[in-house]
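Trainee: Please see the structure below; I have some questions.
The values are calculated or read from the model by the stated rules, or taken from the named source; none is laboratory data. This is a predicted model, so every value here is computed, not measured. Quick reminder, even Gly has a Cβ in these numbers, built from the backbone with ideal geometry, and neighbours come from all protein chains shown. What goes into the accessible areas is simple: the full protein's heavy atoms, side chains included, and nothing from ligands, DNA or RNA. Shrake-Rupley method; radii C 1.70, N 1.55, O 1.52, S 1.80 Å.
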Amino acid sequence: MRPEILFPLFAPVTRLPGIGPRLEKLYERLAGPHVVDLLWHLPTGIIDRRFRPPVSEVKDGEIATLAVTVELHVPPPPRNNRVPYRVWVSDGTGEMSLVFFRARADYIQKMLPEAQKRLISGKVDFYQGQPQMTHPDHIVAPENEKDMPLIEAVYPLTQGLTQKQVQKAAANALAKAPVLAEWLDPAWKAKNAWPDWQEAIKAAHAPESEADLAPEAPARARLAYDELLSNQLALALVRLRMRARAGRPVKGDGRLRAKVEKVLPFALTGAQKNAIAEIDADLASNRRMLRLLQGDVGSGKTLVGLMAMLSAIESGAQAALMAPTEILARQHAAGLAPLCEAAGVTLALLTGREKGKSREAVLSRLQSGEIDILVGTHALFQEDVHFKDLAVAVVDEQHRFGVHQRMQLQSKGGAGTNVLVMTATPIPRTLTLTAYGDMDVSRLTEKPPGRQPIDTRLVSAERLHEVVEAVRRAMQSGARVYWVCRLVEESDVLDVAAAEERYGALSHTFGDKVGIVHGRMRAAEKDAVMAKFQSGEISLLVATTVIEVGVDVPEATVMVIEHAERFGLAQLHQLRGRVGRGSGKSTCLLLYHGTLGETAKARLKIMRDTEDGFIIAEEDLRLRGAGELLGTRQSGMPEFRLADITAHRELLSVAYDDARLIMETDPELEGARGEALRTLLYLFERDEAIRYLRSG
Ligand code: ADP
Ligand code: MG
């Protein structure tokens, strides 16, 4: 249960004065549905009103606060809206006018009675050589001077909300911020000279200088640390409970693995052997395995996953392999089938497309234990899927899943299913911590031998004609080619339109050697096209980013990516990983459109200069920051409201250690600091983790 002290913060924003159902939607879009979301919506700038010149010394474009006497009102001629209402003011050194467009006369007369003194503040502009102020931000009587904010926070806005409204909402939300018991380690807090939480959130909303807006400003750093600590603590709790829950020792005897190794046309790499050894140690212990297998595209993760699953089967239990897409699940099933056959292991496929009788048959064979390995998509989560005895679950391309789904799969296994998560996203170490702090990590740092480097080039789209000719030559010498299109980020529909247009043009040139796949096709259609590409019946495949993950056609040696500048580097790296999988020499052409900015150029150059996914990810993180790198919600990466993974890198590793230490000293969060830490978890909506506490 959420502690009562936080109730006001988790009330809907409509609880704040002046926010009704209409504004509620806007605030929800801007920050979120709850009062607390407004607290996290920090200002990004300041307006400094401390400059108080005499009228004779105002400058064009400057924010100024002026003490003036109201001289004369000049309303516009009747029924003429284009002429503004002018109010002349002076201070003895000079005079200027205040300008109001489409204003209500009675309102202006009330605000600025003639012959009265007023304090006004706003931006000065010059019109026909004369100073004026259009729609002053503030007008107050001298006796109310304290109502004039000398320094004002500037918030990010959304259409329909004004700066004043958001400032007021933030102030009202701040008024609800309670004093909370301290969860920070006292020594750490003192060392940084950080304020208390309530003080910090107030200070973060009341910047007095640019320095106060910087990530390292004490108030902001503290809030960022709070958020990182809540993230790390939640992961540490999950991890501890997963471990504590009775695992089951899984001991294979190696007989199935031996059969598979015998039919493999290659030897395992050293990196694969190491990873398998680490997995075996996990499986043999009676703690449950929770391991992340990180390996660049083409590093051979699938085989490692298979070996883990075979151990389960050797010990008399079952295994599951979950993939993020239908194409990938099918490809895994097809790729593993011959190996499983050689080992006498029964493998079945379950995706959303298996329906009716065939689905029921799979389910009943699964429950009876006849099926050893079940390969599938999210369909594996469904309630009617019951294993007889699931001992090992392998999750492929994890960056598409979040912690939540990981836990769901684990619960399928009942007594301590061991989980191996395979990811091809070369996540920088810092980010690994935020998303996978609950897991142990194995890395495949070595690629299978015999791979040739991919020749990557940046090509202006103006040279499209030459690219088409190069593709023609490649096809003539038997190469298979991917041609990836993307028009606009986040728009599936437009991507498809771009791909279809390119498909039309290329078909015109290459006839029926060209195929197309995109996300809006039915799964069966996609499979059919992929099969043709695999068999060589078509040799040029136009695609949207649906081919990004996992697709394996070793004969494909050329990849063209249009609008390469619009992709994330991690994504380009994934895409490029579709070629260079066989022993042939591969080429990747990154087409860019228009002229590239400095950052865009630097990013694409990284792609040209290295194939090391980790270097690419680190560089991309450096150039763009974490938000953009793994920006989408689907990425499974936690999104931070206050912490900036690049700027607060060091805080993250302290938070990691801090969380581990807390788990050692007070694993149930029962002490005084433990109580406060529970509040912290609720404050950042890590409620899920609290369920793992005995008295959660
Ligand atoms: P990823 O890590 O991207 O999932 P895969 O598991 O799909 O990589 O492996 C990529 C390709 O490398 C596959 O064709 C696979 O058969 C092959 N492969 C895997 N291990 C080895 C190895 N030790 N030696 C040579 N080829 C290998
Ligand atoms: Mg793979």
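Trainee: Filter region 74-95 down to the residues that are touching a strand residue (DSSP E or B) at 6+ places or on another chain (Cβ under 6 Å) and open to solvent by less than 30 Å² (accessible area, probe 1.4 Å) and list them by number.
Mentor: Pro84, Tyr85, Val87, Val89, Ser90
Trainee: From the list Glu341, Glu354, which one is part of a loop (DSSP other than H, G, I, E, B), charged (D, E, K, R) and either open to solvent by less than 20 Å² (accessible area, probe 1.4 Å) or assigned by TED's automatic domain parsing to the domain that holds Phe266 (or both)? Quick ask: steps written out before the conclusion?
Mentor: On the way: Glu341 fails: part of a loop (DSSP other than H, G, I, E, B).
Just a single option satisfies the conditions, and that option is Glu354.
Trainee: Would you be able to tell me the number of residues in region 1-52 that are surrounded by 14 or more Cβ atoms within 10 Å (Cβ to Cβ), more than 25 Å from the chain's Cα centre (by Cα), free of Cβ contacts under 8 Å to residues at least 40 places away in the same chain and closer than 28 Å to Pro136 by Cα?
Mentor: Matching residues across region 1-52 total 2.
Trainee: Can you list residue pairs whose Cβ atoms sit under 7 Å apart, with the first residue in region 646-657 being in contact (Cβ under 8 Å) with a residue 60 or more places away in the chain and at negative phi and the second being outside any helix (DSSP H, G or I) and surrounded by fewer than 23 Cβ atoms within 10 Å (Cβ to Cβ)? Count only pairs 6 or more apart in sequence or on different chains.
Mentor: Every condition considered, the pairs that remain are Ala647/Pro215; His648/Pro215; Tyr656/Gly437.
Trainee: Can you name the residue in region 306-327 that is open to solvent by less than 10 Å² (accessible area, probe 1.4 Å) and within 26 Å of the chain's Cα centre (by Cα) and, of all such residues, is nearest to ligand 2 (Cβ to nearest atom)? Explain how you work it out, then say what you get.
Mentor: Of region 306-327, the ones open to solvent by less than 10 Å² (accessible area, probe 1.4 Å) are 306-312, 317-323.
Going one step further and asking which of them are within 26 Å of the chain's Cα centre (by Cα), we end up with 321-323.
Values: Leu321: 11, Met322: 12, Ala323: 8 Å.
By that ranking, first place goes to Ala323.
Trainee: Report whether or not Leu336 is within 16 Å of ligand 2 (Cβ to nearest atom) and within 19 Å of Arg255 (Cα to Cα).
Mentor: Taking the combined requirement at face value, the residue satisfies it.
Trainee: Determine which single condition Thr65 fails, assuming it passes every other condition in (1) modelled with pLDDT of 95 or more; (2) open to solvent by 40 Å² or more (accessible area, probe 1.4 Å).
Mentor: Going through the list (1) modelled with pLDDT of 95 or more; (2) open to solvent by 40 Å² or more (accessible area, probe 1.4 Å), Thr65 breaks only (2).
Trainee: Additional query: From the list Thr595, Thr587, Thr599, which one is in the same structural domain as Arg480 (by TED's automatic domain parsing), surrounded by fewer than 19 Cβ atoms within 10 Å (Cβ to Cβ) and not in a helix (DSSP H, G or I)? Before you say what the answer is, go through the steps one by one.
Mentor: On the way: Thr587 fails: surrounded by fewer than 19 Cβ atoms within 10 Å (Cβ to Cβ); Thr599 fails: not in a helix (DSSP H, G or I).
That would be Thr595, the only listed residue that is in the same structural domain as Arg480 (by TED's automatic domain parsing), surrounded by fewer than 19 Cβ atoms within 10 Å (Cβ to Cβ) and not in a helix (DSSP H, G or I).
Trainee: Could you list all residues from region 551-576 that are modelled with pLDDT under 85 and buried (at least 24 other Cβ atoms within 10 Å of the Cβ)?
Mentor: The one that is modelled with pLDDT under 85 and buried (at least 24 other Cβ atoms within 10 Å of the Cβ): Gln574.
Trainee: Has region 298-308 got at least one residue that is touching a residue at least 60 places away in the same chain (Cβ under 8 Å) and away from ligand 1 (no atom under 15 Å from the Cβ)?
Mentor: So far as region 298-308 goes, no, none of its residues is touching a residue at least 60 places away in the same chain (Cβ under 8 Å) and away from ligand 1 (no atom under 15 Å from the Cβ).
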